[in-house]
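See structure below.
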Amino acid sequence: MRLVVLKASSLQKFSTQLAKATAGGSGASLERLQALNPHIDFTALSAGMAIFLPDTPGLAATDSSSLDGGAFDAFAADLANGMQAAAARAKAGTDQLAADRSDVAAMLKTATLKRLLDGDATLKAQVDDVNAQFAKDQRNAQDGLQQIGAMQRDAAAEMAALGKLFGQAQGLAPSPSGRGLG
């Protein structure tokens, strides 16, 4: 079993190799290829796709890594690290949004601004609209963190299933909190 991540420079070569292997080869190798890669539409390959290749002569890829050689573990680690980084960026953005809202709320409590708001109904309505938008943005940010946590859990389950398929024990560990950060 091998793993290849398609690059723009090797895309045409791989497509040609795939066409030759499936045209002249057995249907069993094509079926195995499709079973290993249900996420791939082989008629629309693009750079960046990760494809699992069975060890068959017609599908030997020079730019691939043997799954026995740690490629699967490296792939799982890259996925875990990327998702962890995305979760950290989302959490930092959510925290910044909360800090901004807190700063604005503190400013609005000053005596000067209270007098201005009490004397100007239009300005007060605008501030109320901004506060409502802040609250909505904060709820959306929290929902986003929950979605990232769900993606991490789903990716961990998928990697565990792939690990079993490839005979690997490595997978993604979901965060203990389930909120996208471990």
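The values are calculated or read from the model by the stated rules, or taken from the named source; none is laboratory data. None of the values given here were measured: they were computed from a predicted structure. FYI the Cβ positions are ideal-geometry reconstructions off the backbone, even for glycines, and counts take in every protein chain you see. For accessibility, only protein heavy atoms count, side chains too; no ligands or nucleic acids. Shrake-Rupley method; radii C 1.70, N 1.55, O 1.52, S 1.80 Å.
Quick notes on this one:
- Any hit, the stretch 97-118, residues being at pLDDT 90 or above, of a type in the set (Ser, Thr, Tyr), loosely packed, with under 14 Cβ neighbours inside 10 Å and not in a helix (DSSP H, G or I): yes
- Restricting the first member to the stretch 99-111 and to residues that are farther than 15 Å from Ala135 by Cα, and the second to residues that are open to solvent by less than 60 Å² (accessible area, probe 1.4 Å), the beta-carbon pairs closer than 9 Å and six or more apart or on different chains are Met107/Leu113; Leu108/Leu117; Leu108/Val127; Leu108/Asn131.
- Look at the stretch 123-150: where a residue is touching a residue at least 60 places away in the same chain (Cβ under 8 Å) and a partner is open to solvent by 80 Å² or more (accessible area, probe 1.4 Å) and outside any helix (DSSP H, G or I), sitting 6+ places away or on another chain with Cβ atoms under 9 Å, you get Ile148/Arg179; Gly149/Arg179.
- Subset of the stretch 149-182 that is at pLDDT 75 or above and open to solvent by less than 30 Å² (accessible area, probe 1.4 Å) - its residue that is farthest from the chain's Cα centre (by Cα): Gly163
- Filtered by the rule that a residue be farther than 24 Å from Gly82 by Cβ and loosely packed, with under 14 Cβ neighbours inside 10 Å, the stretch 125-148 gives Ala125, Gln126, Asp128, Asp129, Val130, Ala132, Gln133, Ala135, Lys136, Arg139.
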